[in-house]
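Reviewing the structure listed below.
The values are calculated or read from the model by the stated rules, or taken from the named source; none is laboratory data. The structure displayed is predicted, hence computed values, not measured ones. Here the Cβ positions follow ideal geometry from the backbone for every residue, glycine too, while neighbour counts run over all protein chains shown. Please note that ligands, DNA and RNA were not included when accessible areas were found on the heavy atoms of the full protein model with its side chains. Shrake-Rupley method; radii C 1.70, N 1.55, O 1.52, S 1.80 Å.
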Amino acid sequence: MPYRPMPELATPRAPQRGLLHRQGNADMYAWLFMRVSGVLLVVLIFGHLFVNLVSGRGIQAIDFAFVAGKWANPLWQLWDLIMLWLAMAHGTNGVRTIINDYAERPGARLGFKIVLYGSAALVVILGTLVIFTFNPCPPSSPADLLPSFCNG
Amino acid sequence: MPERPAGTLYRGREGMWSWLAHRVTGFLIFFFLLVHVLDTSLVRISPETYNSIIGSYKNPVMGLAEAGLVAAVVFHAFNGIRVILVDFWAKGPKYQRTMLWIVIGLFVVTMAGFLPRHLAHVFGGQ
């Protein structure tokens with residue numbers, strides 16, 4: 001690789017200007033959020049993996065009735081909701097950091113961030129709607145695919 | 001004295017490689033998360049649709065990919081706690097290298113507990 005000296009900046013400590021650029025202490029709060037959400041996500045995701053992949057028949061047990069049985073319990077709805085929001089915020093901020101590190105042209109940075117924030121918003125909204133509008137007993141579905149409480 | 005540095009590749013040791021592994025595992029987990037929310041959203045379409053897609057997670061190739069995903073999550077989780085300790089614990093920077101070996105040890109123990117059970121589910125069928 002050719003030797004490239006560090007770019008000379010007239011005012012290295014001046015705040016960077018531009019669309020989607022964070023100002024003030026925002027990056028410190030983002031740094032703090034990664035640590036706080038990280039600790040919570042270790043508990044939430046390890047619990048999720050244990051219940052879904054380790055306990056019982058593991059991956060073989062996962063089907064529509066399994067999901068419906070879990071979300072019949074408001075605790076699991078809340079668990080999955082918090083896990084969705086925290087994981088998406090944690091991951092989106094992580095990828096934002098990666099874009100800031102590797103995308104050097106301002107247009108590329110802006111483009112990647114628009115795609116990132118747009119897809120993250122879509123996934124968070126979709127996931128939240130699914131958790132709360134889910135119908136465990138859809139009519140006209142075969143009973144053997146549904147959780148047992150649908151037949152009662 | 002050489003006139004210029006012998007290349008610009010930073011050759012860090014444990015600190016650099018754990019930083020790189022943290023970044024790569026985080027990136028991979030994020031993209032799985034996007035797919036995972038989409039596949040779970042199929043419960044909103046019909047039981048048949050969800051079951052047919054989730055059924056593809058049960059074949060051996062996907063079973064091995066899930067083992068890799070869990071390995072990435074477990075490393076990212078334990079190393080993330082190490083990063084927090086480096087940042088907030090006064091002696092964290094001094095012991096960062098020791099803590100990486102503890103992370104690797106906990107990773108091996110956790111995967112030794114998880115892998116046989118998961119692979120039995122995947123390859124042992126029902």
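Below is a table of values for the structure above.
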item: Condition check for residue A:53: under 22 Å from residue B:31 (Cα atoms), touching a residue at least 12 places away in the same chain (Cβ under 8 Å) and of a type in the set (A, V, I, L, M, F, W, C); result: no
item: Answer residue from the stretch A:70-91, given it is of a type in the set (Gly, Ala, Ser) and within 22 Å of residue A:29 (Cα to Cα) and is surrounded by the fewest Cβ atoms within 10 Å (Cβ to Cβ) among those; result: A:89
item: Criterion violated by residue B:71 - all others in (1) under 18 Å from residue A:48 (Cβ atoms); (2) modelled with pLDDT of 95 or more; (3) at the interface with another protein chain (Cβ under 9 Å from one of its Cβ atoms) satisfied; result: (3)
item: Residue within the stretch A:105-119 that is more than 8 Å from every other protein chain (Cβ to nearest Cβ), in contact with a His (Cβ under 8 Å, 6 or more places away or on another chain) and among the aliphatic types (A, V, I, L, M) present; result: no
item: Failed criterion for residue B:14 (all others in (1) open to solvent by 30 Å² or more (accessible area, probe 1.4 Å); (2) free of Cβ contacts under 8 Å to residues at least 24 places away in the same chain; (3) acidic (Asp, Glu) hold); result: (2)
item: Subset of the stretch A:92-133 (residues that are open to solvent by less than 50 Å² (accessible area, probe 1.4 Å) and touching a Gly at 6+ places or on another chain (Cβ under 7 Å)); result: A:94
item: From B:73, B:86, residue being within 16 Å of residue B:14 (Cβ to Cβ) and of a type in the set (Val, Ile, Thr); result: B:86
item: Residue check for residue A:33: aromatic (Phe, Trp, Tyr) and within 30 Å of residue A:106 (Cα to Cα); result: yes
item: Residues of the stretch A:129-142 satisfying the condition of being farther than 15 Å from residue B:50 by Cβ and at the interface with chain B (Cβ under 10 Å from one of its Cβ atoms); result: A:129, A:140
item: Selected residue [away from chain A (no Cβ under 12 Å), under 20 Å from residue A:43 (Cα atoms) and either of a type in the set (D, E, K, R) or free of Cβ contacts under 8 Å to residues at least 40 places away in the same chain (or both)] from B:102, B:84; result: B:102
item: Qualifying residue in the stretch A:40-52 (condition: open to solvent by less than 30 Å² (accessible area, probe 1.4 Å), modelled with pLDDT of 95 or more and out of contact with any Phe, Trp or Tyr (no Cβ under 9 Å at 6 or more places or on another chain)); result: yes
item: Any hit, the stretch B:57-79, residues being surrounded by 14 or more Cβ atoms within 10 Å (Cβ to Cβ), touching a Pro at 6+ places or on another chain (Cβ under 7 Å) and touching a residue at least 40 places away in the same chain (Cβ under 8 Å); result: no
